[in-house]
Amino acid sequence: MTEILYRLGEVDDLHAVHALNQALFAEAWSKQSLLDVMLSGFDLYVVEAQGVLVGYILSQDILDETHIMQVAVSSDFQRQGIAKRLSQMLFNAKPKGTTFMLEVRRSNRAAQVLYRKLGFQEVGCRKNYYIPLAGDNEREDAILMSL
């Protein structure tokens with residue numbers, strides 16, 4: 001059985017977070033951008049399997065809202081409840097009554113299903129928000145969701 005550890009992330013996790021970010025996102029952040037947001041107070045929760053970082057959730061507090069910036073789980077560990085558990089860690093760390101916001105690609109149905117299971121509801125749309133994915137020519141809408 002694989003040992004899974006959930007914990008608060010730290011700057012020492014930057015290299016692994018960046019590698020996972022690069023592997024999973026077309027609009028990946030630079031290592032410097034990730035460092036900057038971590039040092040500015042963004043929240044980072046991570047999950048390790050056998051000592052290897054396999055997932056994280058990154059969020060920013062803005063007044064009484066928490067904006068979920070990224071949720072990432074290594075392909076080998078997806079659909080095992082890891083993103084749900086990371087989300088619940090974040091929810092539990094915030095004061096009762098906090099509003100959580102996020103954006104998700106219109107084409108990312110798996111993420112939308114997860115967010116709806118967590119209680120998020122669609123509250124709007126940002127037209128042409130995301131850069132085109134490989135092989136596409138058009139920008140993609142972002143669905144705004146709130147909990």
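Every read-out reported here was derived from the displayed coordinates using simple, explicitly stated rules and does not represent laboratory data. Everything quoted here is computed from the prediction, not taken from an experiment. All Cβ positions, glycine included, derive from the backbone under ideal geometry; neighbour counts span all protein chains shown.
With Kirkwood's inverse mean 1/r over C-alpha pairs for Rh, give me the Rg to Rh ratio of the chain, two decimals please.
Details: Rg = 15.0 Å, Rh = 15.9 Å.
Dividing the radius of gyration by the Kirkwood radius yields 0.94.
Between Arg85 and Glu122, what is 0.36 nm times their sequence separation minus the Cα-Cα distance? Round to one decimal in nm. Numbers along the way, then the final one.
Working: separation 37, 0.36 × 37 = 13.32 nm, distance 2.11 nm.
Going from the current span to full extension adds 11.2 nm.
Please sort 85-95, 45-55, 119-129 by packing, taking for each peptide the average over its residues of neighbouring beta carbons within 10 angstrom, highest first.
Highest-to-lowest ranking by the protection proxy: 45-55, 85-95, 119-129.
With n ≥ 4 as the cut-off for DSSP H runs, can you work out [θ] at 222 nm for the chain, using -39500 (n - 2.57) per run divided by the number of residues, rounded to the nearest 500? Let's see the in-between values first.
Numbers: 4 runs with 41 residues, N = 147.
Calculated mean residue ellipticity at 222 nm is -8500 deg cm²/dmol.
Starting with the fewest neighbours, write out Thr66, Thr2, Thr99 ranked by other beta-carbon atoms found within 10 Å of each beta-carbon. Present the calculation step by step, with values, prior to reporting the outcome.
Values: Thr66 22, Thr2 9, Thr99 13.
By the 10 Å Cβ count, ascending: Thr2, Thr99, Thr66.
For the stretch 1-54, go through all pairs of different Cα atoms, get the mean of 1/r, take its inverse, and jot down that Kirkwood value in Å. Please report the intermediate quantities before stating the final value.
Details: mean 1/r = 0.0854 Å⁻¹.
Evaluated over the stretch 1-54, this radius sits at 11.7 Å.
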